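The values are calculated or read from the model by the stated rules, or taken from the named source; none is laboratory data. Quick caveat, the model's predicted, so the values are computed rather than measured. Methodologically, a virtual Cβ is constructed for each residue, glycine included, from the backbone with ideal geometry; neighbour enumeration extends over all protein chains shown. Ligands, DNA and RNA are stripped out before the accessible areas are found, and what is left, the full protein with its side chains, is counted by its heavy atoms. Shrake-Rupley method; radii C 1.70, N 1.55, O 1.52, S 1.80 Å.
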Amino acid sequence: MALLQLSEPGQSTAPHQHKLAAGIDLGTTNSLVASVRSGQAETLPDEQGRHILPSVVYYSAKGISVGYEAKACAADDPLNTIASVKRLLGRGVEDIKSLGSRLPYEFLQQDSSVPRIHTVAGDVSPVEVSAEILKALVNRAEKTLNGELTGVVITVPAYFDDAQRQATKDAAKLAGINVLRLLNEPTAAAVAYGLDSGSDGIHAIYDLGGGTFDISILRLNRGVFEVLSTGGDSALGGDDFDREIAEWIMQQAGISDDANHKVLRRLMRDACSAKEALTTEKVVELDIELEDGSRWRGQLSREQFHQLVDPLIKKTIVPCRRALRDAGVSAAEMQDVVMVGGSTRVPRVRELVGEFFDTRPLVDIDPDRVVAIGAAIQADILAGNKPDDEMLLLDVNPLSLGIETMGGLVEKIIPRNTTIPVARAQEFTTFKDGQTAMAVHVLQGERELVSDCRSLARFELRNIPPMVAGAARIRVTFAVDADGLLSVEAQEQSSGVKASVVVKPSYGLTDTEIEGMLRDSMEHAEDDLEARRLREQQVEAERVIEALSAALADDGDQLLNPQEREQVEQALAELVSQKDGSDVNTIKQAVETLEKRCEFYVERRMNQSVNQAMSGHTIDEFE
């Protein structure tokens, strides 16, 4: 007999409240948290009804504050007020120096590659600062939902590399948060947009936030969100618009580049206010407090603003063009262009993006909230609240992953724009007789040579059974999980010995490297192909030389008369002299000539091996 569970009126637990989950948009400038309530995904406000949380943390001797309270301290105490920390996540000290930004912080001089910022409350890393923002958002969600979260989905830029993704997960772990998944921001926007509109077809998601830019081309079909290609710049956003305005004001007002931190922070604040005002106004009045207490007054017109920011907006068009090419589609095939991120509120951004895609961008969904809403929908599904939901997300990895092979070549195992999660394996073998260990060098990038790609990790596979060169079968498996994080395993098939590594680099790619990798791969494609052919032929020549040299040392005097040996060694010397040359065909011809001259020697060695194998046996034993 089944029991019927009864509740007091208004206190019954709805199915969607069985497990509490949330989506977090951890933004450069602002962050939000959203959840599915009564079947509807919505962003959650604080006690004052504010949905947005400024991504700012203030460290004082009395404690730590986050959000609006922290932002209010930025102008007066810039060294202890950390803003736009997302730009620093997963980056090394040298990477941060290359960002080209005058950051008003005191970075510690230390041996570690992970940057630390000095504050009166202690030295902190970008991961620790991000953890404070995440804790504030989770606390808001748990107060609003009146319960503990089982997990969250955190969004990241599609162009975040492995180090930046790992740093995001580390921040969540430090905050005591269970991460259900890292979700690419454009994909999160597509989740929210696709479910709202039911629009199947090909869409462009143009996401310009405070500090990052992403472009993704997606195909939506019956609940399946497939990312065809992705691109962007992990250090370009609305903050750069503010910086251009601030530098223009400095020139107009005669403010020197070495102005103190308070002046710089006030300039950035005033520049941001001017940018926002120009969204609706044609001219904005400026009233700037100078270092000596005096004031400078002027005007900034919308036309002047366009001259300042147009180069930055056009910089976003380059990844858009590349993403279309990678996806194999044209701008005319776009069903629509979805605008995401607070910086897409700038009318000039919408105008230039509309011109490129030759369509009016869609701005009917709040660009600040759409990413958090999409993350909340995905979190609700991953928490198990919608077991019958058919929505499937197919993200892609932004850059190719592979290993180093002989000759300094890169063998790509997972090409860029491969749908993730994914696992790919490839077999390799030994180069030398009796080789008992193999070094595995994991690389990221689009070029053919190791020197042109980025090193991610190294590890060694040891205790390989000694065999002749080429006999060992070593299977190398690359696995990228749904969060875009990589693990690599190498296993020798006959013995089962294995070694593995989870790739956790201590710092990420600079924005220059990210853009440069794809650009260089296209500009140097033909040269790279020729370089690869040359190195492959040189490696083949080295293999033949080593094998023949070993054979001559083993039984050359036994199987060859002096004249025959001289003939073989002469051909060998010719190949040795040619192998380091730059002509592929010449090296190939030298290898073929050597092999032809040594045919009789190879035949004698084979006969000798057969005779030794059959010694003491009869023919009948081999039937």
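Data for the structure
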{"read-out": "Of residues in the stretch 232-273 being surrounded by fewer than 19 Cβ atoms within 10 Å (Cβ to Cβ) and of a type in the set (S, T, N, Q), the one farthest from the chain's Cα centre (by Cα)", "value": "252"}
{"read-out": "Candidate set from the stretch 368-388 (those that are open to solvent by 60 Å² or more (accessible area, probe 1.4 Å) and more than 15 Å from residue 31 (Cβ to Cβ)); member that is modelled with the lowest pLDDT", "value": "388"}
{"read-out": "Condition met for residue 608 (part of a helix (DSSP H, G or I), at pLDDT below 80 and open to solvent by less than 70 Å² (accessible area, probe 1.4 Å))", "value": "yes"}
{"read-out": "The listed residue being farther than 15 Å from residue 538 by Cα and either modelled with pLDDT of 80 or more or of a type in the set (D, E, K, R) (or both), out of 588, 596, 579", "value": "596"}
{"read-out": "Residues of the stretch 155-170 classified as of a type in the set (A, V, I, L, M, F, W, C) and assigned to a loop (DSSP other than H, G, I, E, B), total", "value": "2"}
{"read-out": "Filter pass, residue 279 being in contact (Cβ under 8 Å) with a residue 60 or more places away in the chain, hydroxyl-bearing (Ser, Thr, Tyr), within 17 Å of residue 158 (Cα to Cα) and touching a helix residue (DSSP H, G or I) at 6+ places or on another chain (Cβ under 9 Å)", "value": "no"}
{"read-out": "Selected residue (only one of 115, 157, 186, 126 is more than 30 Å from residue 326 (Cα to Cα), open to solvent by less than 10 Å² (accessible area, probe 1.4 Å) and at pLDDT below 85)", "value": "115"}
{"read-out": "Condition check for residue 192: in contact with a Ser or Thr (Cβ under 8 Å, 6 or more places away or on another chain) and either at pLDDT below 80 or crowded, with 24+ Cβ neighbours inside 10 Å (or both)", "value": "no"}
{"read-out": "Residue count, the stretch 347-378 (criterion: outside any helix (DSSP H, G or I), within 30 Å of residue 141 (Cβ to Cβ) and in contact (Cβ under 8 Å) with a residue 12 or more places away in the chain)", "value": "6"}
{"read-out": "Whichever residue in the stretch 129-154 is outside any helix (DSSP H, G or I) and of a type in the set (S, T, N, Q) and, among such residues, is most open to solvent (accessible area, probe 1.4 Å)", "value": "146"}
{"read-out": "Residue in the stretch 415-436 that is in contact with a strand residue (DSSP E or B) (Cβ under 6 Å, 6 or more places away or on another chain), exposed (fewer than 14 other Cβ atoms within 10 Å of the Cβ) and closer than 24 Å to residue 544 by Cβ present", "value": "yes"}
{"read-out": "Residues located in the stretch 531-573, provided they are farther than 20 Å from residue 431 by Cβ and exposed (fewer than 15 other Cβ atoms within 10 Å of the Cβ)", "value": "555, 557, 558, 561, 562, 563, 566, 570, 573"}
{"read-out": "Residue in the stretch 466-488 that is in a loop (DSSP other than H, G, I, E, B), charged (D, E, K, R) and closer than 30 Å to residue 180 by Cβ present", "value": "yes"}
{"read-out": "Output for the stretch 195-221, where each listed residue is at pLDDT below 90 and hydroxyl-bearing (Ser, Thr, Tyr)", "value": "197, 199, 212, 216"}
{"read-out": "Residue check for residue 474: at pLDDT 75 or above, open to solvent by less than 30 Å² (accessible area, probe 1.4 Å) and touching a strand residue (DSSP E or B) at 6+ places or on another chain (Cβ under 9 Å)", "value": "yes"}
{"read-out": "Test: residue in the stretch 95-108 that is within 25 Å of the chain's Cα centre (by Cα), at positive phi and modelled with pLDDT under 75", "value": "yes"}
{"read-out": "For residue 46: the one exception among (1) at pLDDT 85 or above; (2) among the charged types (D, E, K, R); (3) open to solvent by 50 Å² or more (accessible area, probe 1.4 Å)", "value": "(3)"}
{"read-out": "Scope the stretch 22-81; condition on the phi > 0 side of the Ramachandran plot and free of Cβ contacts under 8 Å to residues at least 12 places away in the same chain; matching residues", "value": "49"}
{"read-out": "Residue that is least open to solvent (accessible area, probe 1.4 Å) [pool: residues in the stretch 446-471 that are in contact with a Lys or Arg (Cβ under 6 Å, 6 or more places away or on another chain) and closer than 24 Å to residue 326 by Cβ]", "value": "453"}
{"read-out": "Some residue of the stretch 293-313 being touching a residue at least 24 places away in the same chain (Cβ under 8 Å), open to solvent by 70 Å² or more (accessible area, probe 1.4 Å) and farther than 23 Å from residue 187 by Cβ", "value": "no"}
{"read-out": "Residues satisfying the stated conditions in the stretch 222-245, i.e. among the basic types (Lys, Arg) and at pLDDT 85 or above", "value": "243"}
{"read-out": "Selection count where residues are among the hydrophobic types (A, V, I, L, M, F, W, C), part of a loop (DSSP other than H, G, I, E, B) and touching a Pro at 6+ places or on another chain (Cβ under 7 Å), scope the stretch 41-80", "value": "0"}
{"read-out": "Scope the stretch 341-367; condition surrounded by 16 or more Cβ atoms within 10 Å (Cβ to Cβ) and touching a Pro at 6+ places or on another chain (Cβ under 7 Å); matching residues", "value": "341, 342, 344, 345, 350, 353"}
